[in-house]
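Trainee: First the structure, then my questions, so here it is.
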2 protein chains.
Amino acid sequence: MAEIKYEIMETIAVLSQSPKGWTKELNIISWNGREPKYDLRDWAPNKEKMGKGITLTKEELIALKTLLAEKEF
Amino acid sequence: MAEIKYEIMETIAVLSQSPKGWTKELNIISWNGREPKYDLRDWAPNKEKMGKGITLTKEELIALKTLLAEKEF
C-alpha cells in the first residue's frame, strides 16, 4: 500500500486513553496534502500507528455538535 | 472474513448524505451480540454496506459533546 502522508494541523480534543496508551482524538488533518478535514481516530503513543477512524466535514461536525447538545447521555 | 453481526439499537443522528445516498450516522450498535456502543460510520442506502467508522464509549461521547460545545466552528 502506498504511504499515506498526513499533517496534523490542530488537535481539538483527546477523548480517551487506553491502558496501552492509544488515544482517541479529534484532530484537523490534511491527508496527502489535500484540504484539511476533521478526523476522529485512534492513535498509538507518539502517533507511531493510526487506528480506525472517520473524517468529517465542517458541516458534519457542526451537525454532530448540534445533535449532541440536544441530547442527554 | 467472518460475517459481522450487528444490530442497530438506535439512530441518534444522520449527519449528512452523499450524492450516491451514503449517510454518515451516529447510531447505537451492538456488534456480534456484545454490549451496545456508540458508532459513527458511513452507510450505503438501506444499510446494504458499511463504510469506515469508529466506535465510542458513552464516556468518549460525553467528552466529545463537552469539547464540541466549548468550541466555535
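Trainee: Only one residue in A:65, A:20 is part of a helix (DSSP H, G or I) and either away from chain B (no Cβ under 14 Å) or closer than 15 Å to residue B:67 by Cα (or both), so which one is that?
Mentor: Numbers: A:20 fails: part of a helix (DSSP H, G or I).
Just one listed residue meets the conditions, A:65.
Trainee: Do the conditions hold for residue B:26, that is, is it within 16 Å of residue A:70 (Cα to Cα) and either more than 7 Å from chain A (Cβ to nearest Cβ) or not in a helix (DSSP H, G or I) (or both)? Break it down stepwise before answering.
Mentor: Values: within 16 Å of residue A:70 (Cα to Cα): yes; either more than 7 Å from chain A (Cβ to nearest Cβ) or not in a helix (DSSP H, G or I) (or both): yes.
Here the answer is yes, as residue B:26 does meet what is asked.
Trainee: Listed residues A:49, A:20, A:65, A:5; which is of a type outside the set (Phe, Trp, Tyr) and either surrounded by 12 or more Cβ atoms within 10 Å (Cβ to Cβ) or within 12 Å of the chain's Cα centre (by Cα) (or both)? Explain how you work it out, then say what you get.
Mentor: Numbers: A:49 fails: either surrounded by 12 or more Cβ atoms within 10 Å (Cβ to Cβ) or within 12 Å of the chain's Cα centre (by Cα) (or both); A:20 fails: either surrounded by 12 or more Cβ atoms within 10 Å (Cβ to Cβ) or within 12 Å of the chain's Cα centre (by Cα) (or both); A:5 fails: either surrounded by 12 or more Cβ atoms within 10 Å (Cβ to Cβ) or within 12 Å of the chain's Cα centre (by Cα) (or both).
Testing whether each residue is of a type outside the set (Phe, Trp, Tyr) and either surrounded by 12 or more Cβ atoms within 10 Å (Cβ to Cβ) or within 12 Å of the chain's Cα centre (by Cα) (or both) leaves just A:65.
Trainee: From the residues in the stretch B:26-46 that are at pLDDT below 95 and of a type in the set (S, T, N, Q), which one is surrounded by the most Cβ atoms within 10 Å (Cβ to Cβ)?
Mentor: Looking at residues that are at pLDDT below 95 and of a type in the set (S, T, N, Q), I get B:32.
Trainee: Same structure again: Of the residues that make up the stretch B:49-60, is at least one touching an Asp or Glu at 6+ places or on another chain (Cβ under 6 Å), closer than 19 Å to residue A:52 by Cα and of a type in the set (Lys, Arg)?
Mentor: no
Trainee: Could you figure out which of (1) among the aliphatic types (A, V, I, L, M); (2) more than 14 Å from residue B:26 (Cβ to Cβ); (3) assigned to a strand (DSSP E or B) isn't true of residue A:54?
Mentor: For residue A:54, the exception is condition (2).
Trainee: Which residues, taken from the stretch B:21-35, are in contact with a helix residue (DSSP H, G or I) (Cβ under 8 Å, 6 or more places away or on another chain) and touching a residue at least 24 places away in the same chain (Cβ under 8 Å)?
Mentor: B:21, B:22
The values are calculated or read from the model by the stated rules, or taken from the named source; none is laboratory data. None of the values given here were measured: they were computed from a predicted structure. Every residue, glycine as well, gets a Cβ built from its backbone with ideal geometry; the counts of neighbours run over all protein chains shown.
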